[in-house]
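Colleague: Below is a structure I'd like to ask you about.
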Amino acid sequence: MCTRQDLCKPEKVSLICSLLRQSPPGEFIQVVRDLSALVQDEQLVRQEAARIGACHSKSNFTPIKINGHTVLLTHYNDLGENSFFDPQGKFSFELDHLRRVTRKPQLHGVMLDEGELWKETLHKGLKTYISCHFPAANCCVFKKSLGKRKMLVVCIEAHQYQPSNHWNSLWKSDWTFAFTPFTTQVTGIFHLQIHYFKDANLHITVSKTVSDTLHMIDQSQFATDFVKFLKAEDTRFHTAILENLQAFSEDLWGKNLRRKLPVTHTFINWSKLLNDQHLNTNVSNTEVPPNLLKSNI
């Protein structure tokens, strides 16, 4: 029978996996180290981390440098057995998710059909867009099949990992649409995750789904229209986040906590508190999430 002081192995595994899945972007390896020290069973922790690490990498569109350029790890280019496909370099490779080491690159034959030409044109337009509007970002375009339907998938990630400043953040978006003549329905999902851990352990996760119809007649024109659509939706999402965080901060510090803190009969300068608190400035102003996007988006 298991006690609180001596957990059974299945209970340890369950707890380890649960904590690993909750690892904020950019902190997975640190969580593995911390769990190894807490559990005092490094082999068990690394064994589970190797399994969970693949899902964590794909969920966060983790960028990997290989052969001089960057490829994103996603569910769309997962070949199984820890192998992935690079749609731009047109080769596959294996990955050690704990050490972030690639091996066994192999050329992958790709048919140069019309869909491939559209994919390359779109990727070129997206590279120009993210280089202008993000301090550091990566994108990949994948060609997939859903039954008889040919699909194009766009994945974008931008992250700021600054553990020395006690925060990490990830901005990503995922766009899918059918390769159909004349018009197509574009559906996108935004996801922003922030972890602040200096004066508090604060996790912020925001998601939003958008959809619109775009013309799909000419390759260059579609790439231009898609980038315009993406820029408009990026701006809306970015602005809404800042407005909501500001409202949250004002509500938290200016209303709720003021009523719930103990009565000490001491005057509190709330305006000064709002300006001085690192937690408030890091979240409500432009220090964490806006660093993912330049102000000219």
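Coordinate-derived values only; no laboratory data. Note that the structure is a prediction, hence the values are computed from the model and not measured. Note that we place each Cβ from the backbone using ideal geometry, even for glycine, and neighbour counts take in every protein chain shown.
Colleague: Rg (Å, one decimal) plus Dmax (Å, integer) for the alpha carbons of segment 60-110?
Modeller: In order Rg, Dmax, the Cα atoms of segment 60-110 give 9.8, 30 Å.
Colleague: Hey, can you rank 155-162, 229-236 by average C-beta count inside 10 Å, highest first? Don't skip to the end; give the middle numbers.
Modeller: Values: 155-162: 21.2, 229-236: 16.6.
My ranking of the peptides, most packed first, is 155-162, 229-236.
Colleague: Order of SER173, SER14, SER164, SER145 from fewest to most other C-beta atoms within 10 Å?
Modeller: Numbers: SER173 22, SER14 13, SER164 6, SER145 10.
Listed from fewest to most nearby Cβ atoms, that is SER164, SER145, SER14, SER173.
Colleague: Beyond a 18 Å Cα-Cα separation, which of these cross-linked pairs lie in this structure: LYS124/LYS150; LYS144/LYS208; LYS208/LYS231; LYS104/LYS144? Could the numbers behind the result be given before it?
Modeller: Working: LYS124/LYS150 20 Å; LYS144/LYS208 23 Å; LYS208/LYS231 15 Å; LYS104/LYS144 24 Å.
With Cα atoms farther than 18 Å apart: LYS124/LYS150; LYS144/LYS208; LYS104/LYS144.
Colleague: In addition: Under a 5 Å amide H to amide H cut-off, with H placed in plane at 1.01 Å, what residues pair with MET151 once short-range neighbours are removed?
Modeller: LYS144, SER145, LEU146, PHE179
Colleague: What translational diffusion coefficient, in µm²/s and rounded to a whole number, does the Stokes-Einstein relation yield for segment 147-259 at 20 °C and a viscosity of 1.002 mPa s, taking the hydrodynamic radius as the Kirkwood radius over Cα pairs? List each step's numbers first, then the result.
Modeller: Numbers: Rh = 16.5 Å.
This corresponds to a translational diffusion coefficient of 130 µm²/s.
Colleague: Related question: Going by average Cβ neighbours within 10 Å, how do the peptides 94-104, 121-131 rank, with the highest at the top? Could you put the intermediate results ahead of the total?
Modeller: Working: 94-104: 14.0, 121-131: 17.7.
Packing proxy ranking, top to bottom: 121-131, 94-104.
Colleague: Still on this structure, I have one more. Return the long-range amide H neighbours of TYR161 (sequence gap of 5 or more, or a different chain), with a cut-off of under 5 Å between placed amide H atoms.
Modeller: Residues meeting the amide H criterion: SER169.
Colleague: With a Cα-only, solvent-free Debye model of segment 20-134, what are the log10 I(q)/I(0) values at q = 0.11, 0.13, 0.18 Å⁻¹?
Modeller: -0.45, -0.60, -0.98
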